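The values are calculated or read from the model by the stated rules, or taken from the named source; none is laboratory data. Just so it is clear, the structure is predicted and the values come from calculations on it, not from any experiment. Note that each Cβ is placed from the backbone with ideal geometry, even for glycine, and that neighbours are counted across all protein chains shown.
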Amino acid sequence: MKARTIVVDDSPSMQKLIAAVLETDPAIEVVGTAANPNEARQMIKALDPDVITLDIEMPGMNGLDFLERLMRLRPMPVVMISSHTRKGADATIAALEFGAFSCLPKPRMDDEPALLEMRENVKAAAAAKSMIKGRQKPVAHGQPATGGIAKRVRGLNIIALGASTGGVEALTEVLSGFPADCPPTVVTQHMPEHFTRSFAERLDRLCAPTVVEAQDGMPIRPGHVYIAPGAVGHLTIAGRNERTCRITPGELRSGHMPSVDVMFESVAQVYGGKVAAALLTGMGSDGAEGLLALKNAGAHTIAQDRATSLVYGMPAAAHRLGAANQVLPLREIASALFGGRTEVTQNVCA
């Protein structure tokens, strides 16, 4: 079955270009084009597409505002295609937080890898239609926890988190519950190259621990969260007396670089069972095998539940493998990472 697509862009020439590029793939059918959110809204109601592509700069209502309303009222896969995804990391992060499946730059006809990436993203987004959920209402947090939590989990040497589509908002929710003196935490979030630094800076402003983009050779310290840099290598752990971040270029794993599987397996090898880990919302299965390796090493492992996952792919794969000690709603994951080591329950998948 073809991926039925609506192209939303205020430029008629760009509409034609994107539509022409997409329809070179026999698995994609462009069923309509719209110049603004009002046209797009009516077309979505009439045609019920599998996926839409969406520009950011448009008359009447910009694409980010439209995306936020769409994901709240009628959630569906959205691929952002805009010059702002290249120029402005803040726009990309906002789009991912609102629930965009992916963010791509405006295409150039002479850039065949980028054109292929656009077609593949549209097909992958369409395949995720049945798993896309509406945005959850944000949960209000109290003050970040203090050293009491860290004392209760004295045997916890590191926390590892993995996420993909929908992970920007999910990670913000989870890390907002971390105390300033949390165990060192490593994170792999599938994100376009060059944007993970801005994402880390944004989290650093919102969360009690220090959040940084990981660099090769960076020492791993308590009270710090390390975000794997996008597309330059896999985040792993090295060292015996002093643990450090390693950013290692290599082959794609589970379709991704950085890969959650690679990071989780490295953490399991270095730290054994003195780990708590969570696999959050995302398309595909990256992280499921790594979470199982952590569980087999004695770590406490958590998968996000179906109801609160924007895309219930990666955590579902982990649940099918039996890789998660717990399956939990997003709002409970932060506290479970710290307090769930003394009593582990296998919750039924929602």
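Can you tell which of LEU235, LEU330, LEU280, LEU294 is in contact with a Gly (Cβ under 8 Å, 6 or more places away or on another chain), at pLDDT 95 or above, outside the structural domain of ARG72 (by TED's automatic domain parsing) and closer than 22 Å to CYS182 by Cα? Just a single option satisfies the conditions, and that option is LEU280. I'd like to know if region 255-264 contains one or more residues that are within 13 Å of ILE159 (Cα to Cα) and in contact with a Leu (Cβ under 6 Å, 6 or more places away or on another chain). Yes, region 255-264 contains at least one residue that is within 13 Å of ILE159 (Cα to Cα) and in contact with a Leu (Cβ under 6 Å, 6 or more places away or on another chain). Scanning region 1-42 for residues that are under 18 Å from ASP55 (Cβ atoms) and of a type in the set (Gly, Ala, Ser) yields SER11, SER13, ALA19, ALA20, GLY32, ALA34, ALA35, ALA40.
Among the criteria (1) in contact (Cβ under 8 Å) with a residue 60 or more places away in the chain; (2) crowded, with 20+ Cβ neighbours inside 10 Å; (3) of a type outside the set (A, V, I, L, M); (4) in contact with a Gly (Cβ under 6 Å, 6 or more places away or on another chain), the one LYS274 does not fulfil is (2).
The set of residues in region 276-308 that are more than 14 Å from the chain's Cα centre (by Cα) and part of a loop (DSSP other than H, G, I, E, B) comprises ALA297, GLY298, ALA299, ASP305, ARG306, ALA307.
When you check VAL51 against the structure, is it surrounded by 18 or more Cβ atoms within 10 Å (Cβ to Cβ), at pLDDT 95 or above, under 20 Å from the mean Cα position of the chain (by Cα) and not aromatic (Phe, Trp, Tyr), yes or no? Considered against the rule, which asks whether it is surrounded by 18 or more Cβ atoms within 10 Å (Cβ to Cβ), at pLDDT 95 or above, under 20 Å from the mean Cα position of the chain (by Cα) and not aromatic (Phe, Trp, Tyr), VAL51 comes out as yes. For region 249-259, the count of residues that are surrounded by 24 or more Cβ atoms within 10 Å (Cβ to Cβ), in the same structural domain as ILE220 (by TED's automatic domain parsing) and in contact with an Asp or Glu (Cβ under 9 Å, 6 or more places away or on another chain) is at least one.
Is region 302-318 home to any residue that is farther than 17 Å from SER164 by Cβ, at pLDDT 95 or above and of a type in the set (Gly, Ala, Ser)?
Taking region 302-318 and keeping what is farther than 17 Å from SER164 by Cβ, we get 307.
Checking which are at pLDDT 95 or above leaves us with none.
No, region 302-318 contains no residue that is farther than 17 Å from SER164 by Cβ, at pLDDT 95 or above and of a type in the set (Gly, Ala, Ser).
Here ALA214 passes the criteria (1) in contact with a Cys (Cβ under 6 Å, 6 or more places away or on another chain); (2) over 22 Å from GLU193 (Cα atoms) except the one numbered (2). For region 19-33, the condition of being surrounded by 18 or more Cβ atoms within 10 Å (Cβ to Cβ), under 27 Å from the mean Cα position of the chain (by Cα) and closer than 22 Å to ALA231 by Cα holds for none of the residues. Among the criteria (1) at pLDDT below 95; (2) polar (S, T, N, Q); (3) farther than 23 Å from PRO229 by Cβ, the one SER254 does not fulfil is (3).
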